[in-house]
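Colleague: Please read through the structure below; I'll follow up with questions.
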Amino acid sequence: MFERGALIHYHEIGLKGRNRSAFENRLRQNIAFATSALTDEKVERIASRLLLRSSDPDTHEALLRACAAVPGVAHVSDVLTCARDLSEIGHAARVALEEEIDRAGGAASFAVDARRSSTDFATSSSQMNIAVGRELVDALGLRVDLGDPDVTVRIEVVQGGAYVSARRLAGPGGLPVGSSGRVVSLLSAGIDSPVATWRMIKRGAVVVAVHFSGAPFTSGASTADVHDIAGVLVPAAGLERVYSVPFGELQREIMLATPPDLRVLLYRRLMVRVAEAVARCEDARALVTGESLGQVASQTLDNIVVTDAAATMPVLRPLIGTDKQEIITQARLLGTYEISCRPHDDCCTLYLPRSPETHATLEQVEQAESLLDVARMVADALAGATIREFPCAVVRSPSGRFAVSGTT
């Protein structure tokens, strides 16, 4: 029988010029990490593709899906490997097509898409299309449809072998985790920030999350939900750890000392400072939020300017030009939406003023902030933080510049 495997294609990495090999190597390491519990096989480079052989039929499906979840992967073909021989290629094509028909519950039409990357193979791509297509028609009686086939049989002939597939799983695309540095994401249990976090992972960043809960004035539901959201992101292997910061006492302190209409901005600026302290500990280079322009009072352009003034490093907003329905659609696809819809109390709704300022000035906010001991408040937030680790393809231990009360 034919050897099975996952033939992994990538797009954006192929455009990296002289840096391409570094991105390919990072992707190979990430795929090896994602599939380490499923196989001992090495990830091979095959003519601008990656190949992971599958030696265990019981884990083959899980292997394909694990590969397809890795950022940087464009798509994964479920391949049969054979010799560069037209009769063997035709046989493999028939096996692959029959399996896909069984899996899909039937098919009436097919197409053959053959490509050769090795010019020393005598049969051209068009000749393979015709020869294999004719063999499949004779054997299975299906109709050829080059425009909209029910199944496409793909044949890739490269130096040293041929790979035949009738099934392809879409990957997330983007860049491999670890190729774009480290960021700290302000991660809530809401709909938006998980999507923003995912987008940064897809762009190759390693993410350390900071969650601000309303503790001790709220339950631990939001923290539990954030951990569940992090669990959804585990297959991408880009979220390294979650810091959970009890923020309720600090919000109460702000509420008692400052004007009501500026509270939300003062909360946000304190969060930025705490997140930056974590970022310095984690050697991260930027912060990430789930803000979308104009979506709520704190996200008007004027208020974003005031919030950013508290930061000393870049604040990235992957969703800034995205409307709510688009964010919900992506959250559903990602698998975080249902978790975010669970009832929970978090710091965003704690001590919320009736009429928050929508067009604050920096002078107003700094004057109100002068009533607070900001440095001490940041220290208090960090002292109460706890950490939970998650499987990540690129791991770095915290530097320990500040102590946290617990790690799980």
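Colleague: Taking every DSSP beta bridge with both residues inside segment 3-170, roughly what % is antiparallel (nearest 5)? Mind dumping the intermediate values first?
Modeller: Working: 27 of 36 bridges.
Looking only at bridges with both residues in segment 3-170, the antiparallel portion is about 75 percent.
Colleague: Measure nothing but the geometry: give the 0 to 90° angle between the long axis through the Cα atoms of 324-334 and the longest principal axis through the Cα atoms of the chain, rounded to 10°.
Modeller: Its long axis makes an angle of about 50 degrees.
Colleague: So what's the angle, to the nearest 10 degrees on a 0 to 90 scale, between helix 20-34 and the longest Cα principal axis of the chain?
Modeller: The helix 20-34 is inclined about 90 degrees to the chain.
Colleague: Could I ask something else about it? Please give me the summed charge of the neighbours of ARG84: other residues whose Cβ is under 12 Å from its Cβ, Lys and Arg +1, Asp and Glu -1. Before the final figure, lay out the partial values.
Modeller: On the way: positive: ARG116; negative: ASP85, GLU88, ASP120, GLU156.
Value of the local net charge: -3.
Colleague: Tell me the angle of helix 374-383 to the major Cα principal axis of the chain, expressed in degrees between 0 and 90 and rounded to the nearest ten.
Modeller: Tilt of helix 374-383: around 50 degrees.
Colleague: Starting from the Cα gyration tensor of segment 17-93, take the square roots of the eigenvalues, sort them a ≥ b ≥ c, and report rounded, prolate or oblate (rounded when a/c is under 1.5, otherwise prolate if a/b is larger than b/c, else oblate).
Modeller: Values: a/c = 2.24, a/b = 1.29, b/c = 1.74.
Here segment 17-93 falls in the oblate category.
Colleague: Would you work out the relative contact order for the chain, in percent, from Cα pairs under 8 angstrom that are 6 or more residues apart? Intermediate results must be reported in sequence, preceding the final value.
Modeller: Numbers: 846 pairs, mean separation 66.9, N = 408.
Normalised by residue count, the contact order of the chain is 16 percent.
Colleague: Arrange VAL278, VAL395 by Cβ neighbour counts within 10 Å, fewest through most, would you? Don't skip to the answer; put the middle values down first.
Modeller: Numbers: VAL278 26, VAL395 14.
By the 10 Å Cβ count, ascending: VAL395, VAL278.
Colleague: Which percentage, to the nearest 5, of the DSSP beta bridges contained in the chain is antiparallel? Intermediate values should be presented prior to the final figure.
Modeller: Working: 31 of 60 bridges.
Taking every DSSP beta bridge with both residues in the chain, the antiparallel ones total about 50 percent.
Colleague: Among SER165, SER213, which comes first, second and so on when ranked by fewest other beta-carbon atoms within 10 Å? Kindly include the intermediate steps, with their values, before the conclusion.
Modeller: Working: SER165 24, SER213 27.
Fewest to most other Cβ atoms nearby, the residues stand as SER165, SER213.
Colleague: Which aspartates and glutamates have a Cα lying under 16 Å from the Cα of LYS202, excluding residues fewer than 8 positions away in the same chain?
Modeller: GLU12, GLU24, ASP192, GLU240
Colleague: Would you work out which of ASN19, ILE31, GLY106 lies farthest towards the positive end of the dipole of segment 3-170? Charges go on Cβ: Lys and Arg +1, Asp and Glu -1.
Modeller: The residue sitting most towards the positive pole is ASN19.
Colleague: Can I ask one more? First check a/c for segment 3-170, with a ≥ b ≥ c the square roots of the eigenvalues of its C-alpha gyration tensor; if it is under 1.5, answer rounded, and if not, answer prolate when a/b is larger than b/c or oblate otherwise.
Modeller: prolate
Colleague: As a test, work out the antiparallel percent of DSSP beta bridges whose residues both lie in segment 154-278, rounded to the nearest 5.
Modeller: Working: 5 of 18 bridges.
Roughly 30 percent of the beta bridges in segment 154-278 run antiparallel, per DSSP.
Colleague: Quote the charge dipole size of the chain about the Cα centre in Debye, to the nearest 20; the model charges only the Cβ of Lys and Arg (+1) and of Asp and Glu (-1).
Modeller: Details: 42 positive and 49 negative charges, 191 e Å.
The dipole of the chain has a size of about 920 debye.
Only the coordinates and a few stated rules stand behind these numbers; no lab work does. Note that the structure is a prediction, hence the values are computed from the model and not measured. Methodologically, a virtual Cβ is constructed for each residue, glycine included, from the backbone with ideal geometry; neighbour enumeration extends over all protein chains shown.
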